[in-house]
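Reading through the structure tokens given below for one structure.
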Amino acid sequence: MSTPLAEVLDGQRAADLRKAARALLAHPLLLARGPQADAFRLVRQHASELREWFDRNAGWALVVDADSARLRKAPGTLSDPTHPAREASRAGAPFTRRRYVLLCLALAALERGEKQIALGRLAEQVVLDAADPQLAAAGVLFTLDRRDERLDLAAVVRLLIAIGVLRRVAGDEDAYVSGAGDALYDVERRVLAGLLATRQGPSLIHGEGFEERLAALTAETALDSDELRFRALRHTLTRRLLDDPVLYYDTLTDAELAYLTRQRGFLTARITELTGLVPEARAEGIAMVDPDDDLTDVRMPEQGTHGHITLLLAEHLAAHPGPATTAELKRKVRELADQHGGFWSKTAREPGAEGELVEQAVAKLTALSLAVRTPDGVAPRPALARYAVGETVVRETGKTHQARNTQR
């Protein structure tokens, strides 16, 4: 029998709503033009439902206009440094402290500027703002006379182009870096205005240190009733289930753990209904698994030399009794190079390369909540056990024997 038209339409509507929600989680800023235009149209079509869901369950505001859709996400935990801004290039190098400062200074200059700006003019404004005595006292000094400083500013501009704040009109950043030319950009002011995802302006925040100011910047309203406290717990846990690779119980406060114990089924069901993520609950915590494998900025396993080394070190750490020191991991990489170096790039086999290889692998493992840095080195987390290796038992009729190692 044919399926009633109403059921077909309801199924298509639910599928489109899920696509829109997943698009926002992967790209909290969607533009009406460019490669994300189709996703933007879906978000705009379902803006009312999405706005209500994210506000109620995660406390995230969704702002949609004719040019962009902005999901103003706030992290469930403020102490996770494992997902930095990255270069808008194939290498995707993480931003350094200097680039973060340049990014903030560039945004401030663009906010005060005109609808078009040249890269050289932007650089002048950044240098002027960097001369502020408070920045100088914090060790922030820019002249942009050196090539490495200009490279950093070019990386900031390319990130702003990638997220839609700037649109290149003429020239290119390489010409500016080499001193042979300049570049001109249109400033998308509505996109620029939507970047800030805080409940109050940074200029209104007072605090002594970075952590104190960050906490004040993201603080919720006064939690002076049980209803507000439960809502805050729901928001925090939903944010972490959506954003964190694994939500470990030992990272929760007593109040958060008690609430999650009572409401785990409700919270995970609501997330599954909207996004298609599937809960995997273990004794140590919960992971919302993505069957489509596209809601992540860090993948494992991954092809290439670095992916192979990360997987091999994950296997080593999974079997390691406690933390492994950085020196031990370097020795392990040198051993692995003797065994597997024929499959690695030439630079990875060079003497002294193991330090960078270990750092890249550890950065990925910590970003995926598979390991944690400790004063003693790097310690495995429970989810790393899935990368442990043991002896495979091959059973035949009347026989049982051991085979080679294989991944569980």
> Right, residue 99: modelled with pLDDT of 90 or more and touching a helix residue (DSSP H, G or I) at 6+ places or on another chain (Cβ under 7 Å) or not?
Replying inline: yes
> Of all residues in region 218-253, how many are assigned to a helix (DSSP H, G or I), surrounded by fewer than 14 Cβ atoms within 10 Å (Cβ to Cβ) and under 25 Å from the mean Cα position of the chain (by Cα)?
Replying inline: 1
> Looking at residue 355, is it outside any strand (DSSP E or B) and modelled with pLDDT under 90?
Replying inline: no
>> Any residue that is part of a helix (DSSP H, G or I), of a type in the set (D, E, K, R) and not assigned by TED's automatic domain parsing to the domain that holds residue 92 - is there at least one of those in region 283-290?
In response: no
> How about region 340-351: which of its residues are free of Cβ contacts under 8 Å to residues at least 24 places away in the same chain and under 11 Å from residue 308 (Cβ atoms)?
Replying inline: 341
>> Quick test of your reading of the structure: residue 285 fulfils all but one of (1) under 22 Å from residue 54 (Cα atoms); (2) surrounded by 13 or more Cβ atoms within 10 Å (Cβ to Cβ); (3) at pLDDT 95 or above. Name the failing condition by number.
In response: (1)
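The values are calculated or read from the model by the stated rules, or taken from the named source; none is laboratory data. It should be emphasised that the depicted structure is a prediction, and the values quoted were computed from it without experimental measurement. Neighbour counts are summed over all protein chains in view; Cβ atoms, including those assigned to glycine, are modelled from backbone coordinates with ideal geometry.
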